[in-house]
Amino acid sequence: MQLGTRWSSGEEPPAAVPAVLRAQIGAVDAAMPGDLLGQPRPRWTLTWLEGRPIAELDTGVIVEVEASGSVVVRHDVGDEFG
């Protein structure tokens, strides 16, 4: 795995974030409710696995390019039963 970069939700993604992920990252950011208490927004982390980019939000939302080339948005459910 190769570490990429981090940025706050709602900010313009850094130039290192591939164009193929940007629309879905923007859609996730737009769907996030605003925080009326002034808490910091969650942060995205860009990594690369097997040459494919993966952007993961601190909340567990993942935007990634699958081996087929499709961009998917999913939620990391973790190991709930392990």
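I'd like the orientation of helix 19-31 relative to the chain: the angle between its Cα long axis and the longest Cα principal axis, in ° from 0 to 90, rounded to 10.
Helix 19-31 and the main axis of the chain meet at about 30 degrees.
Pull out a ≥ b ≥ c, the square roots of the eigenvalues of the alpha-carbon gyration tensor of the chain, then state rounded if a/c is under 1.5, prolate if not and a/b is larger than b/c, and oblate in the remaining case. The partial results should precede the final answer.
Details: a/c = 1.73, a/b = 1.26, b/c = 1.37.
Cα axes put the chain in the oblate bin.
As an exercise, find the ratio Rg/Rh for segment 9-57 from alpha-carbon atoms, using the Kirkwood inverse-distance average for Rh.
A ratio of 1.01.
Please report the net charge: other residues with Cβ closer than 13 Å to the Cβ of Gly26, K and R +1, D and E -1. Don't skip to the end; give the middle numbers.
Values: positive: Arg22; negative: Glu11, Glu12, Asp29.
With Lys, Arg at +1 and Asp, Glu at -1, the neighbours total -2.
Please give, to one decimal in nm, the separation of the simple spin-label points placed at Glu66 and Ala19, each 7 Å out from Cα toward the Cβ.
About 2.3 nm, to one decimal.
Note down the nm distance, to one decimal, between modelled labels 7 Å out along Cα→Cβ at Val77 and at Arg43.
Using points 7 Å along Cα→Cβ, the separation is 2.9 nm.
Per DSSP H run of n ≥ 4, the term is -39500 (n - 2.57); total these for the chain, divide by its residue number, and report the mean residue ellipticity at 222 nm rounded to 500 deg cm²/dmol.
Helices in the chain give a 222 nm mean residue ellipticity of -5000 deg cm²/dmol.
Run the numbers for Thr59 and Leu36: contour at 0.36 nm per residue of separation, minus the present Cα-Cα distance, in nm.
Result: 6.5 nm gained on full extension.
We did not get these values from a lab; they are worked out from the coordinates using the rules stated. These numbers come from a predicted model, not from an experiment. When we count neighbours, we look across all protein chains shown, and the Cβ atoms used for this are built from the backbone with ideal geometry, even at glycine.
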